[in-house]
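**Q** One structure is given below, represented as structure tokens, and several questions about it will come after.
The values are calculated or read from the model by the stated rules, or taken from the named source; none is laboratory data. The structure presented is a predicted model; accordingly, all values stated were derived computationally and were not measured. Note that each Cβ is placed from the backbone with ideal geometry, even for glycine, and that neighbours are counted across all protein chains shown. The area values use the complete protein model at the heavy-atom level, side chains included, leaving out ligands, DNA and RNA. Shrake-Rupley method; radii C 1.70, N 1.55, O 1.52, S 1.80 Å.
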Amino acid sequence: MLTVENLHAGYGTSEVLVDISLEVKAGSVVALIGANGAGKTTTMRAISGMLKPNRGRVLLDGRLVQEFDASRIARLGLAHSPEGRKVFGPLSVEDNLLLGAYSRLPRFFGFRARAAADLEGVYALFPRLKERRLQAAGTLSGGEQQMLAIGRALMSKPKVMLLDEPSMGLAPIIVQEVFSTIRRLKETGITLLLVEQFAKSALEVADYAYVMDRGRIVIEGTPAHLREDERVLAAYLG
Amino acid sequence: MYTLLIVQLAVSGALMGMVYALIAYGFQLTFATSKSINFGQGELVMLSALFSLTLIDSGLPYWLVVPGGMLFGVILGLFVERAAVRLSLEQKGEGWILLTIILGLLGFSAAENIWGRDDRPFPTPIPSDPLHFFGIDVTPLELSVAIGVLTVMGLVELFKRKTLLGKAFEAVSADRDAAQLMGISATRTIQLSYGLSGLVAAMAGILVAPITTVGPTMASVLILKAFSVAVVAGLDSGFGVVLIGLFLGALESLTSFYLGSGWREAPGLVLLILALAVRPNGVFGKASIRKV
Ligand SMILES: Nc1ncnc2c1ncn2[C@@H]1O[C@H](COP(=O)(O)OP(=O)(O)OP(=O)(O)O)[C@@H](O)[C@H]1O
Ligand SMILES: [Mg+2]
């Protein structure tokens with residue numbers, strides 16, 4: 001569903017990503033792990049068009065998208081929930097969710113009715129968001145903002161979802177909640193590329209995983225395979 | 001009796017101040033989405049007023065002149081965005097500052113050549129015989145300014161809150177990158193904000209024209225005060241510009257009564273200087289104000 005081939009990208013003149021290739025098959029959860037600064041976020045940004053790759057190809061559902069603007073890639077079915085959540089602080093929880101579905105809703109009138117069923121779906125997944133639906137998103141707790149960021153990405157009914165460090169800055173108990181949400185999404189058949197610091201938990205939900213180091217993919221394989229790799233054990237699962 | 005005179009002056013001034021508020025609101029609209037403003041906005045006000053005058057001269061009824069002039073303002077706003085702003089924002093540069101100033105100067109020359117240098121009256125069907133409220137005289141013309149300003153601002157705010165496109169506008173204002181990830185095109189939204197900004201500027205021109213007369217220089221003073229109002233009120237509160245606009249208008253009217261009409265422009269300038277002195281970074285953010 002998502003294929004990245006020989007991707008090179010960076011900021012200004014410094015190249016951060018060197019020859020990244022990875023694949024996320026339809027209905028699978030793929031984890032991308034690696035130390036701080038390895039280039040995981042940069043990889044996601046290069047895929048979603050927030051950063052223009054210098055070289056390489058990105059295929060979304062068979063379509064070459066690396067030349068496109070981020071908003072166009074999003075409209076083609078990629079939902080990127082960015083590092084740091086980036087909810088629209090001054091807007092209400094519900095408006096944030098509605099905007100998640102922007103690309104498939106009418107622009108002026110009737111968008112609420114059209115989105116009602118999907119809104120209920122997200123509220124069923126995150127009842128806390130329903131309680132706070134009229135509250136400004138910026139006043140939510142970190143955990144709630146993460147739920148909102150995930151819900152907002154789901155609202156677009158994406159073909160592929162990128163989720164960058166959903167557990168960042170959250171208390172352990174909330175982190176567990178985030179992972180149980182991811183497991184539930186997996187049961188619904190979501191196609192997901194997940195970046196996580198908690199490599200252990202990430203490998204538990206993933207079908208396949210890539211390990212990055214200094215801008216390159218250094219190891220890849222199934223979680224079972226990675227758990228037996230000494231380098232992975234030493235660096236990430238110790 | 002004396003108090004009544006003071007109130008009278010304050011009220012008339014405040015009603016004029018609504019025009020500053022509307023122009024300042026136009027600055028807010030583009031600043032919200034793009035952190036840029038059109039420094040030739042005064043010329044946009046003036047050109048739209050002159051165009052509307054031409055529509056009147058050609059025999060169009062007033063109720064068609066208003067939307068016609070506003071449409072012209074939208075077109076000018078879109079033109080400014082395309083010609084002076086878009087490329088410079090794509091390169092994350094500040095070129096829009098100089099380019100919008102230059103476009104304004106071009107607009108000024110164009111106006112002198114097309115319409116001549118003279119100030120001309122702007123006929124309006126709205127009467128200027130005063131109405132009396134509790135001993136205060138207000139002309140329907142002055143009232144039409146206040147009503148027009150509040151209506152236009154109210155409609156734009158309604159658009160922003162009630163339609164999905166309007167919410168997208170707010171999303172781009174809050175976080176441009178995240179908005180793009182929702183499939184919202186930042187470029188289109190900025191374009192929309194310039195169109196709306198042109199619309200409210202044109203409306204300001206049409207509303208004020210019967211009071212100030214129309215000519216190439218009509219907006220040079222107006223724009224300075226609108227700028228003061230925008231800087232003092234901040235660039236994110238539509239409610240704030242109305243309050244500051246009312247306040248500045250009243251203050252000007254009283255100043256010119258007590259100190260003589262030569263001092264009329266002083267409060268706006270003093271307010272601007274104070275605002276910049278108290279908030280040295282200014283509301284336009286650090287980078288741009290240094291270069292302005
Ligand atoms: N906006 C930027 N400008 C310049 N360099 C950047 C920028 N963002 C990231 N980098 C650099 O790119 C490299 C990779 O950063 P990236 O954020 O992709 O890492 P990461 O794997 O997501 O790390 P973390 O686990 O801390 O989120 C780092 O060396 C970082 O300093
Ligand atoms: Mg990161």
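**Q** For A:Met161, A:Met168, give me the order by solvent-accessible area with a 1.4 Å probe, most accessible first, ignoring ligands, DNA and RNA. Let's see the in-between values first.
**A** On the way: A:Met161 0, A:Met168 75 Å².
Ranking A:Met161, A:Met168 by accessible area, largest first, yields A:Met168, A:Met161.
**Q** Strictly over 28 Å apart at the Cα level, which of A:Lys157/B:Lys162; A:Lys40/A:Lys86; A:Lys40/B:Lys160; A:Lys130/B:Lys92; B:Lys92/B:Lys160 would you flag in this model?
**A** Numbers: A:Lys157/B:Lys162 23 Å; A:Lys40/A:Lys86 17 Å; A:Lys40/B:Lys160 36 Å; A:Lys130/B:Lys92 39 Å; B:Lys92/B:Lys160 26 Å.
Long pairs (Cα-Cα over 28 Å): A:Lys40/B:Lys160; A:Lys130/B:Lys92.
**Q** From the helices alone, meaning DSSP H stretches of at least four residues, give me the mean residue ellipticity at 222 nm for chain A, per-run term -39500 (n - 2.57), in deg cm²/dmol to the nearest 500.
**A** The helix-only estimate for chain A comes to -10500 deg cm²/dmol at 222 nm.
**Q** Angle between the Cα long axis of helix B:186-212 and the longest principal axis of chain B, 0 to 90 degrees, nearest 10?
**A** 10
**Q** So what's the gap between the Cα centers of region A:170-226 and region B:172-186, to the nearest angstrom?
**A** 27
**Q** When every alpha-carbon pair in chain B is counted, what percent end up more than 25 Å apart?
**A** 47
**Q** Still on this structure, I have one more. Give the angle, between 0 and 90 degrees and rounded to the nearest 10, that separates the Cα long axis of helix B:266-278 from the longest principal axis of the Cα atoms of chain B.
**A** Value to nearest ten degrees: 40.
**Q** Continuing with this model, one more query. Sort B:His132, A:His80, A:His225 by accessible area with a 1.4 Å probe, largest first. Present the calculation step by step, with values, prior to reporting the outcome.
**A** Values: B:His132 135, A:His80 10, A:His225 100 Å².
Largest accessible area first, the residues go B:His132, A:His225, A:His80.
**Q** In chain A, if every C-alpha pair distance is counted and binned at 5 Å from zero, what percent goes to each bin?
**A** 1, 7, 14, 18, 20, 17, 12, 7, 3, 1, 0, 0
**Q** Using 0.36 nm per residue, how much length does the chain from B:Thr213 to B:Asp118 gain when fully extended, once their Cα-Cα distance is taken away? If you can, show how the numbers build up before the last one.
**A** Numbers: separation 95, 0.36 × 95 = 34.20 nm, distance 0.97 nm.
Fully extending the segment from B:Thr213 to B:Asp118 adds 33.2 nm.
**Q** So between A:Val18 and A:Lys157, what do we pick up on full extension, going 0.36 nm a residue minus the alpha carbon distance? Let's see the in-between values first.
**A** Details: separation 139, 0.36 × 139 = 50.04 nm, distance 3.10 nm.
Length gained between A:Val18 and A:Lys157: 46.9 nm.
**Q** Keeping all protein chains in the complex and leaving out DNA, RNA and ligands, what accessible area do you get for B:Trp96 with a 1.4 Å probe, in Å² to the nearest 10?
**A** Near enough 10 Å² of accessible area.
**Q** Along the three principal axes, how long is the protein assembly as shown when you take its alpha carbons, biggest first, rounded to the nearest angstrom?
**A** Principal-axis extents of the protein assembly as shown (Cα, largest first): 91, 46, 46 Å.
**Q** Follow-up question, since we're still on this one. Ordered by residue, what ³J(HN,Hα) values in Hz, to whole numbers, does region B:147-163 give under the Karplus form 6.51 cos²θ - 1.76 cosθ + 1.60, where θ = phi - 60° and Gly and Pro are x?
**A** 3J(HN,Hα) across region B:147-163, in whole Hz: 5, x, 4, 5, 5, 4, 5, x, 5, 5, 5, 4, 4, 5, 8, 9, 9.
**Q** Could you work out how far helix B:220-233 tilts from the main Cα principal axis of chain B, as a 0 to 90 degree angle to the nearest 10?
**A** 70
**Q** Hey, another quick one. Determine the shielding of peptide B:169-180 by partner chains: average, over its residues, the number of Cβ atoms on other chains within 10 angstrom of each Cβ.
**A** On the way: counts 0, 5, 8, 1, 3, 10, 7, 0, 7, 15, 7, 10.
Taking the mean over all residues of the peptide, I get 6.
**Q** Per 5 Å bin from zero, what fraction in whole % of the C-alpha pairs of region B:92-157 is there, up to the bin with the longest pair?
**A** The calculated distribution, bin by bin, is 3, 12, 10, 11, 11, 18, 16, 8, 6, 3, 1, 0.
**Q** When the Cα centres of region B:1-64 and region B:215-252 are compared, how far apart do they sit, in Å?
**A** What the calculation gives is 9 Å, centre to centre.
**Q** Computed over the Cα atoms, what is the radius of gyration of region B:75-186 divided by 2.2 N^0.38 Å, N being its residue count? Present the calculation step by step, with values, prior to reporting the outcome.
**A** Working: Rg = 20.6 Å, N = 112, 2.2 N^0.38 = 13.2 Å.
Normalised Rg, Cα atoms only: 1.56.
**Q** Give the share of C-alpha pairs in each 5 angstrom bin for region B:1-141, from 0 to the last occupied bin, in whole percents, shortest bins first.
**A** Here the calculated profile for region B:1-141 is 2, 8, 14, 16, 16, 14, 12, 9, 6, 3, 1, 0, 0.
**Q** Among B:Val208, B:Val11, what's the order by accessible area (1.4 angstrom probe), most exposed first? Can you show the working numbers first?
**A** Details: B:Val208 0, B:Val11 50 Å².
In descending accessible area the options line up as B:Val11, B:Val208.
**Q** Contact order normalised by length for chain B, with contacts defined as Cα pairs under 8 Å and 6 or more residues apart; what percent is it?
**A** Details: 449 pairs, mean separation 107.0, N = 292.
It rounds to 37 percent for chain B.
**Q** With solvent modelled as a 1.4 Å probe, how much accessible area in total do chains B and A shield from it at their shared surface, in Å² to the nearest 100?
**A** Values: alone 13910 and 11210 Å², together 23140 Å².
Chain pair B/A: roughly 2000 Å² of buried accessible area.
**Q** While we're on this one: Below 8 Å between Cα atoms, with a sequence gap of 6+, how large is the relative contact order for chain A in percent? Write out the running numbers ahead of the final one.
**A** Working: 451 pairs, mean separation 67.7, N = 238.
Answer for chain A is 28 percent.
**Q** Would you calculate a helix-derived [θ] at 222 nm for chain B, using -39,500 (n - 2.57) for each DSSP H run of n ≥ 4 and dividing by the full residue count, to the nearest 500? Can you show the working numbers first?
**A** On the way: 13 runs with 217 residues, N = 292.
The per-residue figure over chain B is -25000 deg cm²/dmol.
**Q** While we're looking at this one, here's another question. With label points built 7 Å along Cα→Cβ from the Cα atoms of B:Arg82 and B:Met1, find their separation and express it in nm.
**A** Modelled inter-label distance: 6.1 nm.
**Q** Based on alpha-carbon atoms only, what is the radius of gyration of region A:28-143 relative to the globular estimate 2.2 N^0.38 Å?
**A** 1.22
**Q** Rounded to whole Å, give me the distance from the Cα center of region B:141-163 to that of region A:40-70.
**A** When both Cα centres are located, 42 Å separates them.
**Q** Let me ask another. Work out the FRET efficiency for B:Ala277 and B:Thr151 from their Cβ-Cβ distance, taking R0 = 45 Å, and round it to the nearest 0.05. Before the final figure, lay out each step's value.
**A** Numbers: r = 35 Å, r/R0 = 0.78.
Taking R0 as 45 Å, the efficiency between B:Ala277 and B:Thr151 is 0.80.
**Q** Taking square-rooted eigenvalues a ≥ b ≥ c of the alpha carbon gyration tensor, is region B:1-71 rounded, prolate or oblate, where a/c under 1.5 means rounded and, failing that, a/b exceeding b/c means prolate? If you can, show how the numbers build up before the last one.
**A** Working: a/c = 3.05, a/b = 1.24, b/c = 2.46.
Cα axes put region B:1-71 in the oblate bin.
**Q** Here is a follow-up. For region B:199-263, what does the equivalent ellipsoid look like in terms of its semi-axes, each the square root of 5 times an eigenvalue of the Cα gyration tensor, given largest first in whole Å?
**A** Values: eigenvalues 76, 69, 19 Å².
Each semi-axis is the square root of five times an eigenvalue, giving 20, 19, 10 Å.
**Q** Can you pull a Stokes-Einstein diffusion coefficient for region A:149-238 at 25 °C (0.890 mPa s), Rh from Kirkwood over Cα pairs, as a whole number of µm²/s?
**A** On the way: Rh = 14.0 Å.
Here the translational diffusion coefficient equals 175 µm²/s.
**Q** For region B:144-283, what is the convex hull (Cα atoms) projected area averaged across all directions, in square nanometres? Spell out each step's value before the answer.
**A** Working: hull surface 39.7 nm².
One quarter of the hull surface, i.e. the mean projection, equals 9.9 nm².
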